[in-house]
Amino acid sequence: MTKKIVITGIGATSPLGGTAGDSWKALLAGESGARHLDEAWVSELELPVTFAATARVAPTTVLERHEQKRLDPSSQFALIAGREAWADAGAPEIAPERLAVDWSTGIGGVWTLLDAWDTLRERGPRRVLPMTVPMLMPNGPGAAIGMDLHARAGIRTVVSACASSTEALVNAYDHLQQGLADVVIAGGSEAAIHPLPIAAFASMQALSRRNDDPAIASRPYDVGRDGFVLGEGAAALVVETEEHAKARGARIYAELLGGAITSDAYHITAPDPEGSAAARAMKAAIEGADAALSDVKHINAHATSTPVGDIAEYNALRRVFGDALDGIAVTATKASTGHLLGGAGAIEALFTVLALHERTAPPTINLTDQDPEIPLDVVTSPRSLGTGDVVAISNSFGFGGHNAVAAFRTA
């Protein structure tokens, strides 16, 4: 029998705020998390992009000193978001063997890896820290949450580029349906605002070059879009069976209807311009949720603000919804947060859950001249989602041709 799966806790640390609530308020207010980088390496290395969407609250101001020293920034962000989500869910009393973690990252501990390489070259092998490998490994963030909350039903990590954390959420749904756990902490984190990833993304012409005004650099669907803004942070959602949630009197934000995962097998970085596999993921997510296309009233789009990517997603959306797409409220929250890579799907799922919970679609900022080739109904100021049952989907697509879609419904 299919179980009803619900969201009971949320947590985040993002370019918009140090908590889920603060991030949501800033999103509704139309704020941008993009800002100039003031680190010395920006000018020393003559980086072509001199801004990013850095975390609004530094993890070093939140965590204990020993946690800072033993965790890569990607794990620090994860621990902060995971703890907030757990507390927000009421810190459920649950046997450790029934608690699981489904986490994700796109890159992992890049700061630890590259700092250790610098140490090795400059100071020799004896100065490389013993914790280097545990800190750099991609499963480090999920392990940090699992050990902190004593999750013993399994700690799984997905690494599928920018689709990672939506895929982790889909996995959490499946693991609950399979009876492998009663509660799962799902989400993703990323901390890649480092000179090497910036230089590499800039080299492939993926980043916006609006160094003069970072706040308006991420502009999905705009004719002037010229690339994404690199972001960092983490988001976590506590997911559990409705039966378990109701038995403990938990507040329910929204229902997780499931999701779907497909692959393009087209190109390592470019999306299939026809969007056929992405469309298949959206359709499968909706059909698997036993929902009709007409039930979908809100979409949190992947929409990175790249010239090619935004059109490919539009083509996929049109394949799925046809003319009905014109009546669906579409939001591109990366305009505010930047692109959190492996953490993007998690923060966008969190925003989708809050949109349903508060029945308000958040705005897309920086859209001043909408591309006529992308005639979507883009939300540019907070908009009511009305009454009654509302279904929403959140899209994530990643390098390697990964497509992941999660579907939600009002509680």
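The values are calculated or read from the model by the stated rules, or taken from the named source; none is laboratory data. All figures in this text were calculated on a predicted structure; none of them were measured in a lab. A quick note on method: Cβ atoms are made from the backbone with ideal geometry, for glycine too, and the neighbour counts reach across all protein chains shown. Keep in mind that these areas ignore ligands, DNA and RNA; they rest on the heavy atoms of the full protein, side chains included. Shrake-Rupley method; radii C 1.70, N 1.55, O 1.52, S 1.80 Å.
Subtract the Cα-Cα distance of Asp22 and Glu242 from 0.36 nm times their separation in residues, and report this length gain in nm to one decimal.
Result: 76.5 nm gained on full extension.
Please work out how much accessible surface Lys69 shows to a 1.4 Å probe, ignoring ligands, DNA and RNA, in Å² rounded to 10.
130
Carbon and sulfur atoms: what percent of the 1.4 Å accessible area of the stretch 133-193 do they account for?
In the stretch 133-193, the share of accessible area belonging to carbon and sulfur is 56 percent.
Just to confirm, what accessible area per residue do you get for the stretch 235-325 at 1.4 Å probe, in whole Å²?
Result: 41 Å² of accessible area for each residue.
With +1 on each Lys and Arg Cβ and -1 on each Asp and Glu Cβ, how big is the dipole of the stretch 185-257 about its Cα centre, in debye rounded to the nearest 20?
My answer is approximately 60 debye.
Leaving out ligands and nucleic acids, and using a 1.4 Å probe, what accessible area per residue does the stretch 82-214 come to in Å²?
On a per-residue basis, 43 Å².
Hand me the GluC sites (Glu not before Pro) from the stretch 6-75 located in a DSSP loop with no more than 11 other Cβ atoms within 10 Å, in residue order please.
Values: sites: Glu31, Glu39, Glu44, Glu46, Glu64, Glu67; in loops: Glu31, Glu39, Glu46, Glu64.
In loop regions of the stretch 6-75 (DSSP not H, G, I, E or B), the sparsely surrounded GluC sites (Glu not before Pro) are Glu46, Glu64.
Once neighbouring chains are kept in place and the probe is 1.4 Å, which whole percent of the accessible area of the stretch 232-355 is contributed by carbon and sulfur?
Carbon and sulfur together cover 51 percent of it.
Normalising by the residue count of the chain, find the relative contact order in percent from Cα pairs under 8 Å and 6+ residues apart. List each step's numbers first, then the result.
Details: 1109 pairs, mean separation 97.4, N = 411.
So the answer I get is 24 percent.
Add -39500 (n - 2.57) for each DSSP H run of 4 or more in the chain, then divide by its residues: what number comes out at 222 nm, to the nearest 500 deg cm²/dmol?
-10000 deg cm²/dmol, from helical runs alone.
On full extension of the chain, what length is gained from His267 through Asn211, given 0.36 nm per residue of separation minus the C-alpha to C-alpha distance?
Contour length minus the Cα-Cα distance gives 17.2 nm.
Take the alpha-carbon centre of the stretch 233-247, take the same for the stretch 256-304, and report the distance between them in whole Å.
Rounded to whole Å, the Cα centres lie 23 Å apart.
Compute, for the chain, the length of the dipole vector about the Cα centre, with Cβ point charges of +1 (Lys, Arg) and -1 (Asp, Glu) only. Units Debye, rounded to 20.
The dipole magnitude comes to about 780 debye.
Output wanted: per-residue J couplings in Hz (rounded whole) for the stretch 74-87, from phi through Karplus 6.51 cos²θ - 1.76 cosθ + 1.60, θ = phi - 60°, x for Gly and Pro.
5, 6, 4, 4, 4, 5, 5, 5, x, 5, 5, 4, 5, 5
With a cut-off of 8 Å between alpha carbons and a minimum separation of six or more residues, what is the relative contact order of the stretch 95-195 in percent?
It rounds to 48 percent for the stretch 95-195.
Which value in nm describes the separation of the simple spin-label points at Ser381 and Ala200, placed 7 Å from the Cα toward the beta carbon?
About 4.2 nm, to one decimal.
Just for the Cα atoms in the chain, what are the lengths along the principal axes, largest first, rounded to whole Å?
62, 53, 39
Just to check I understand the Karplus step: with θ = phi - 60° and J = 6.51 cos²θ - 1.76 cosθ + 1.60, what whole-Hz values come out for the stretch 295-308, glycine and proline as x?
Values, residue by residue: 6, 6, 10, 8, 10, 8, 7, 5, 5, 7, 5, 9, x, 7 Hz.
Can you list the HN-Hα couplings for the stretch 64-73, worked out from phi with the Karplus curve (6.51, -1.76, 1.60; θ = phi - 60°), rounded to whole Hz and with x for Gly and Pro?
In residue order, the calculated couplings are 5, 4, 5, 6, 4, 6, 9, 10, 4, x Hz.
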